[in-house]
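Report on the structure given below.
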């Protein structure tokens, strides 16, 4: 999606939220939209690995989910650092360590929701993954926005 189109979409979202009395800034919406596009790419990696490892290789779904989450999180880190947040922090080791802590909490949250959905509610693991993705999206966005890629 071109930047100009994303800018227009962020203004539309700002007006919709403004109608309901929710104050936002267009640049935050643009940032969030870029984050969502990166998240979509990372989700493709995550879901592809989860399904392939579980269905074709025969790996237990929670082990597959862990490997898949790591693959998606790595994709997420690289694209967010370079494009979404355009982060130039030279302290890469510190930033990667922070990223791993945020991602580690994300893995725990992801797998807990996945196990709850499958083991307690009897859902198909891919359905439980969709729900866990929606919840971990919120954690990951705020964790990476305000901790991992915090501008100095």
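The values are calculated or read from the model by the stated rules, or taken from the named source; none is laboratory data. None of the values given here were measured: they were computed from a predicted structure. When we count neighbours, we look across all protein chains shown, and the Cβ atoms used for this are built from the backbone with ideal geometry, even at glycine.
Inside region 54-76, can you point out the residues that are buried (at least 20 other Cβ atoms within 10 Å of the Cβ) and without any contact (Cβ under 8 Å) to a residue 24 or more places away in the chain?
64, 68
Report, by residue number, each residue of region 85-95 that is in a helix (DSSP H, G or I) and under 15 Å from residue 147 (Cβ atoms).
Scanning region 85-95 gives 94, 95.
Go over the candidates 127, 82, 116, 108 one by one and state the one that is part of a helix (DSSP H, G or I), free of Cβ contacts under 8 Å to residues at least 40 places away in the same chain, under 17 Å from residue 37 (Cβ atoms) and over 13 Å from the mean Cα position of the chain (by Cα).
Working: 127 fails: under 17 Å from residue 37 (Cβ atoms); 116 fails: under 17 Å from residue 37 (Cβ atoms); 108 fails: under 17 Å from residue 37 (Cβ atoms).
None of the other options fit; the residue is 82.
Which residues, counting only those in region 25-63, are more than 18 Å from residue 137 (Cβ to Cβ) and at pLDDT below 95?
25, 26, 27
Which count do you get for residues in region 109-123 that are loosely packed, with under 14 Cβ neighbours inside 10 Å and closer than 16 Å to residue 72 by Cβ?
0
Between 66, 98, which is modelled with pLDDT of 90 or more, over 17 Å from residue 130 (Cα atoms) and part of a helix (DSSP H, G or I)?
Among 66, 98, only 98 is modelled with pLDDT of 90 or more, over 17 Å from residue 130 (Cα atoms) and part of a helix (DSSP H, G or I).
Show the residue pairs meeting these rules: Cβ distance below 9 Å; 6+ apart or different chains; first residue within region 21-36 and on the phi > 0 side of the Ramachandran plot and part of a helix (DSSP H, G or I); second residue surrounded by 13 or more Cβ atoms within 10 Å (Cβ to Cβ) and at pLDDT 70 or above.
Going by the 9 Å Cβ cut-off, there are no qualifying pairs.
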